[in-house]
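Colleague: Got a structure for you, written out below as structure tokens; questions coming shortly.
The values are calculated or read from the model by the stated rules, or taken from the named source; none is laboratory data. All values derive from a computational prediction rather than experimental measurement. Don't worry about glycine lacking a Cβ; one is built from the backbone with ideal geometry, like all the others, and counts go over all protein chains shown. Areas reflect the complete protein model, heavy atoms only, side chains present, ligands, DNA and RNA absent. Shrake-Rupley method; radii C 1.70, N 1.55, O 1.52, S 1.80 Å.
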Amino acid sequence: MSEAPTGEARGAALAELIESLGFVQLDSINTVARAHDLILFSRRPRYRPKSLKHLYERDGGLFEHWTHDAAVIPMAFYPWWHLRRQRDAERLRARWRDDRRAGFERQFQVVLDQIRSEGPVTSGDVGKDEARGSGGWWDWHPSKTALEYLWRSGALCVVGRDGFRKKYDLTERVLETHLCDEASAPDVQATIDWCCDQALHRLGFATHGELAAFWAHVTPAEAKAWCMAEKTAGRLEEVAITGADGTVKPAFARPGLAADPALETAPCPRLRVLSPFDPALRDRKRAERLFGFDYRIEVFVPAPQRRFGYYVFPILEGDKLVGRVDMKAFRDADHLRVHALWPEGKTVWGKGRQHAFERELDRLIKLAGVSKVIFDDGWLRGSAQRHLG
């Protein structure tokens, strides 16, 4: 996030950006923009959602699977998901054998035969004679469960979205042979090496728990063993990281971190609105430790118990998180409505910062699909109100 948010945002340039991040989390909530779109937009304001759709569905540059959640991932990384697919197969088969989804294993061949005959399907195309409820997780019918299991374990690929509903096809029809050849897939130790090395490359420094959590493939114990082995070999060293509250915590880094020129490079000062699922904030404990930013998503919190709001966006300025804003795009009324903004800590929300915020909203409404911004009365909360006069 320290680089200036500028540059091309489609095709090869977009693929390069996603590879540098490692993955982009997908999310269906669209109060202003979907999480994956805002993650990319905050780094490249020229980004438009159709560019990701083209890269994913037309160009085949990405595949969809899980890290800590559903995400789009560079296609070149597909072999490294072999271990994840194996572990998901074992874990989900045990978890999903319950009354709500009973019988899903008997639908495997039925679903595969249907896709082989008809082509890509959504969950609405399978199990049409099975009872359906309201459509929530708890109402997955056996054939829907079979689709998800076959995707997570590798027999199927998600080839795109119809609205936000996944479309599934046979992996053998989607991927090049060298990508889906399970016989030549990386073994467990090679996968641990890759996951930890690539996570550390993107994080700069990390605890073994943070390395394990980055891709969510390997266990903390496996990541710890990797760190110890790399340290013994001289390829890793322990460093002391001072948090926002002054406390010091050990972490691992490649030798020479203290001399990295990036540490002396001033971050881009532009004020930016971030997705709650931005990679910079995805690890909530790490974000709180390093930035002093305590963030919890409150989508599933009953309204009277929310501290802030249903879907609140963090606000980044330079290398500081300076506030959070509750806002929503009302596309039928063609406006983005700012309900409330809370400056962080002792942040002064003066006229200069407000002007920077308004410029960011002017950029953001293009992504949101509206043409103007409206501020509710009393939108600036707490003692910060007095700073705008």
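Colleague: Could you put LEU290, LEU92 in order of accessible surface area, largest first, with the 1.4 Å probe and the full protein assembly present?
Modeller: Highest to lowest solvent-accessible surface, that is LEU290, LEU92.
Colleague: Highest first, please rank the peptides 160-169, 373-382 by the mean number of other Cβ atoms sitting within 10 Å of their residues.
Modeller: On the way: 160-169: 15.6, 373-382: 13.8.
Descending mean neighbour count gives 160-169, 373-382.
Colleague: Per DSSP H run of at least 4 residues, take -39500 (n - 2.57); add these up for the chain, divide by its residues and hand me the 222 nm value, nearest 500 deg cm²/dmol.
Modeller: -10000 deg cm²/dmol
Colleague: With Rg and the Kirkwood Rh both taken from Cα atoms, where does Rg over Rh land for region 131-228?
Modeller: 1.08
Colleague: Related question: Would you list the P(r) distribution for the chain, with all Cα-Cα distances sorted into 10 Å bins from 0 and each bin expressed as a whole %?
Modeller: P(r) for the chain, in whole percents per bin: 4, 20, 29, 26, 16, 5, 0.
Colleague: Calculate, for LYS53 and ARG284, the FRET efficiency according to 1/(1 + (r/R0)^6) with r their C-beta to C-beta distance and R0 25 Å; round to the nearest 0.05.
Modeller: Once the sixth-power term is evaluated, E becomes 0.30.
Colleague: Also: Provide the FRET efficiency to the nearest 0.05 for the GLN86-LEU263 pair, computing r from the beta carbons and using R0 = 35 Å.
Modeller: Calculated transfer efficiency: 0.35.
Colleague: Expressed in nm to one decimal, what extension gain is obtained for the pair VAL299 and HIS178 from 0.36 nm per residue of sequence separation less their Cα-Cα distance?
Modeller: Residue separation times 0.36 nm, minus the Cα-Cα distance, leaves 39.5 nm.
Colleague: Then there is this: How would GLU298, GLU317, GLU264, GLU8 rank on accessible area, largest to smallest, probe 1.4 Å?
Modeller: Reading off the accessible areas and sorting them downward yields GLU264, GLU8, GLU317, GLU298.
Colleague: Quick one: what are the phi-derived ³J(HN,Hα) couplings along region 254-268, Karplus 6.51/-1.76/1.60 with θ = phi - 60°, whole Hz, x for glycine and proline?
Modeller: 5, x, x, 4, 5, 9, 5, x, 4, 5, 9, 8, 5, x, 4
Colleague: Please determine, in degrees from 0 to 90 and to the nearest 10, the orientation of helix 11-21 with respect to the longest principal axis defined by the Cα atoms of the chain, where the helix direction is its Cα long axis.
Modeller: Between helix and principal axis, roughly 80 degrees.
Colleague: Please give the per residue accessible area of region 150-255, computed with a probe of 1.4 Å over protein heavy atoms only, in Å².
Modeller: Per residue, region 150-255 has 47 Å² of solvent-accessible surface.
Colleague: Something else about it: Can you tell me the length gained on complete extension of the stretch LEU112 to ALA221, counting 0.36 nm per residue apart and subtracting the Cα distance? Before the final figure, lay out each step's value.
Modeller: On the way: separation 109, 0.36 × 109 = 39.24 nm, distance 3.64 nm.
Full extension from LEU112 to ALA221 adds 35.6 nm.
Colleague: For the chain, modelled as a Gaussian network with Cα springs under 10 Å, which listed residue fluctuates most, ILE39, ILE297, ILE73?
Modeller: ILE297
Colleague: Would you mind checking the tilt of helix 220-232 against the longest principal axis of the Cα atoms of the chain, expressed as 0 to 90 degrees and rounded to 10?
Modeller: 70 degrees
Colleague: For the chain, find the longest principal axis of its Cα atoms and tell me its angle to the long axis of helix 142-153, 0 to 90°, nearest 10.
Modeller: In the chain, helix 142-153 runs at an angle near 80 degrees to the longest axis.
Colleague: Name the residues whose placed amide hydrogens come within less than 5 Å of the amide hydrogen of ILE374, ignoring near sequence neighbours (fewer than 5 apart) on the same chain.
Modeller: LEU336, ARG337, VAL338
Colleague: Can you give me the Cα centroid spacing of region 69-109 and region 221-289 in angstrom?
Modeller: 31 Å
Colleague: Could you count how many Lys pairs in region 239-389 have their Cα atoms under 19 Å apart, skipping same-chain pairs fewer than 8 positions apart?
Modeller: Lysine pairs satisfying the spacing and distance rule in region 239-389 number 6.
Colleague: Straight-line reach from LYS167: which aspartates and glutamates have a Cα under 17 Å away, not including same-chain ones fewer than 8 places off?
Modeller: ASP27, GLU57, ASP59, GLU64, ASP113, GLU118, ASP125, GLU148
Colleague: Follow-up. If you count only protein heavy atoms and use a 1.4 Å probe, how large is the accessible surface of HIS36, to the nearest 10 Å²?
Modeller: Surface accessible to solvent at HIS36 totals approximately 20 Å².
Colleague: Considering only protein heavy atoms and a 1.4 Å probe, what is the carbon-and-sulfur percentage of the accessible area of the chain? Before the final figure, lay out each step's value.
Modeller: On the way: 9660 of 18840 Å².
Answer for the chain is 51 percent, counting heavy atoms of protein chains only.
Colleague: Compute, for region 190-255, the length of the dipole vector about the Cα centre, with Cβ point charges of +1 (Lys, Arg) and -1 (Asp, Glu) only. Units Debye, rounded to 20.
Modeller: Charge dipole of region 190-255: 60 debye, to the nearest 20.
Colleague: Further question: Run through all the Cα pairs of region 1-54 and give the fraction in each 10 Å bin from 0, expressed as whole percent.
Modeller: Reading upward from the zero bin: 25, 61, 15.
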